[in-house]
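The values are calculated or read from the model by the stated rules, or taken from the named source; none is laboratory data. Since we're looking at a predicted model, the values are computed, not measured. Here Cβ is always computed from backbone atoms with ideal geometry, including for glycine, and neighbour counts include all displayed protein chains. Side chains included, ligands, DNA and RNA excluded: accessible areas come from the protein's heavy atoms. Shrake-Rupley method; radii C 1.70, N 1.55, O 1.52, S 1.80 Å.
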Amino acid sequence: MIGRSTPDDILPTYDRVATDFQAQRGRSLFEKSRLDRLLGVAPRNVSPRRLLDLGCGTGAPIATYLAERGVSVTGVDGAAAMIELFRQTLPNATAHHADMRGLDLGSKFDAILAWNSFFHLSPDDQRAMFPVFAKHAAPKAALMFTAGPSAGEVWGTAGGESVYHSSLDPQEYRDLLAANGFKVLEYRPEDPTCNNHTIWLARFTQN
């Protein structure tokens, strides 16, 4: 029986299972319609548009797809083994081995994506991420992240090991987005067209 992990176990776990995770990660790109929606909302402040992928993992298939669409991708992952695989997958992308919590790259991006990564953080660490999102958001930047449909904690697996997930209440996400300068554009709880992922899309409203 796999024991329950904690938020502090996430990065060491992904370091250990990175190769297995890469081998097992589906390549069907069921996320395509949501990624296209993100790009449809992201402004063209500069060319090519800049996207910050928080918890980028190995870079396939999501970052690869975005790069193929002409986006300048910057990947951030706190697991060293994951970011090394990302560099191998996308050698022309910018990659940072860094924890998303408290991140300060000194750069702004036209789109920020935290797909199946942000939800590994504890509730308090999730709350603290919204100023980080705002700090990295260019004018009218698009923000997309996945969470749960209701407040609580659940456990899944990655590479055969237990991994922690948590979610805030949807109203709290709305409040945090508003308090940090984001306007909600879409909230899709357990979207049946996207493998039942719960997806938030917002736009940064401050300059």
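Contact list please: Cβ distance under 8 Å, first residue in segment 32-50 and at pLDDT 95 or above, second residue loosely packed, with under 12 Cβ neighbours inside 10 Å, pairs at least six apart or on different chains.
Note: pairs meeting the criteria are 33/193; 48/70; 49/70.
Would you tally the residues in segment 82-103 being among the β-branched types (Val, Ile, Thr), open to solvent by 20 Å² or more (accessible area, probe 1.4 Å) and assigned to a helix (DSSP H, G or I)? Outline the logic, then answer.
Going residue by residue through segment 82-103, those that are among the β-branched types (Val, Ile, Thr) are 83, 89, 94.
In the following step, the residues that additionally are open to solvent by 20 Å² or more (accessible area, probe 1.4 Å) were identified as 89, 94.
Narrowing further to those that are assigned to a helix (DSSP H, G or I): 89.
Residues in segment 82-103 being among the β-branched types (Val, Ile, Thr), open to solvent by 20 Å² or more (accessible area, probe 1.4 Å) and assigned to a helix (DSSP H, G or I): 1 in total.
Can you confirm whether residue 50 is farther than 24 Å from residue 121 by Cα and of a type in the set (D, E, K, R)?
On the way: farther than 24 Å from residue 121 by Cα: yes; of a type in the set (D, E, K, R): yes.
The answer is yes for residue 50.
Among the residues of segment 136-151, which ones are over 15 Å from the mean Cα position of the chain (by Cα) and open to solvent by less than 20 Å² (accessible area, probe 1.4 Å)?
Residues of segment 136-151 over 15 Å from the mean Cα position of the chain (by Cα): 138-140, 149-151.
Across segment 136-151, the qualifying residue is only 138.
Could you check how many residues of segment 104-135 are over 20 Å from residue 61 (Cα atoms), touching a helix residue (DSSP H, G or I) at 6+ places or on another chain (Cβ under 7 Å) and either in a strand (DSSP E or B) or open to solvent by less than 10 Å² (accessible area, probe 1.4 Å) (or both)?
3
Tell me, which residue of segment 173-201 that is touching a residue at least 60 places away in the same chain (Cβ under 8 Å) and farther than 11 Å from residue 146 by Cβ is most open to solvent (accessible area, probe 1.4 Å)?
Among residues in segment 173-201 that are touching a residue at least 60 places away in the same chain (Cβ under 8 Å) and farther than 11 Å from residue 146 by Cβ, the one most open to solvent (accessible area, probe 1.4 Å) is 193.
So if I check each of 157, 146, which one is in a strand (DSSP E or B), at pLDDT 95 or above and hydroxyl-bearing (Ser, Thr, Tyr)? Outline the logic, then answer.
On the way: 157 fails: at pLDDT 95 or above.
Going through 157, 146 in turn, the sole match is 146.
Restricted to segment 1-37, and to residues that are farther than 21 Å from residue 196 by Cα and outside any helix (DSSP H, G or I), which residue is most open to solvent (accessible area, probe 1.4 Å)? Steps first, please.
Looking only at segment 1-37, we keep the residues that are farther than 21 Å from residue 196 by Cα, and these are 1-20, 22-23.
Now narrow it down to the ones that are outside any helix (DSSP H, G or I): 1-6.
Values: 1: 235, 2: 87, 3: 51, 4: 181, 5: 12, 6: 59 Å².
Step by step, filter segment 1-37, then rank; the result is 1.
Identify, please: which residue in segment 59-73 is closer than 24 Å to residue 165 by Cα and in contact with a strand residue (DSSP E or B) (Cβ under 9 Å, 6 or more places away or on another chain) and is, among those, most open to solvent (accessible area, probe 1.4 Å)? Before the answer, list the steps.
In the first step, residues of segment 59-73 are kept if they are closer than 24 Å to residue 165 by Cα; the result is 59-63.
Of the ones still in play, those that are also in contact with a strand residue (DSSP E or B) (Cβ under 9 Å, 6 or more places away or on another chain) are 59, 62-63.
On the way: 59: 2, 62: 18, 63: 1 Å².
Looking at residues that are closer than 24 Å to residue 165 by Cα and in contact with a strand residue (DSSP E or B) (Cβ under 9 Å, 6 or more places away or on another chain), I get 62.
Scanning for something in a helix (DSSP H, G or I), within 22 Å of residue 155 (Cβ to Cβ) and open to solvent by 20 Å² or more (accessible area, probe 1.4 Å), does segment 38-51 turn up at least one residue? Break it down stepwise before answering.
Of the residues in segment 38-51, the ones in a helix (DSSP H, G or I) are 38-41.
Now restrict to residues that are within 22 Å of residue 155 (Cβ to Cβ): none.
The answer is no, given that none of the residues of segment 38-51 is in a helix (DSSP H, G or I), within 22 Å of residue 155 (Cβ to Cβ) and open to solvent by 20 Å² or more (accessible area, probe 1.4 Å).
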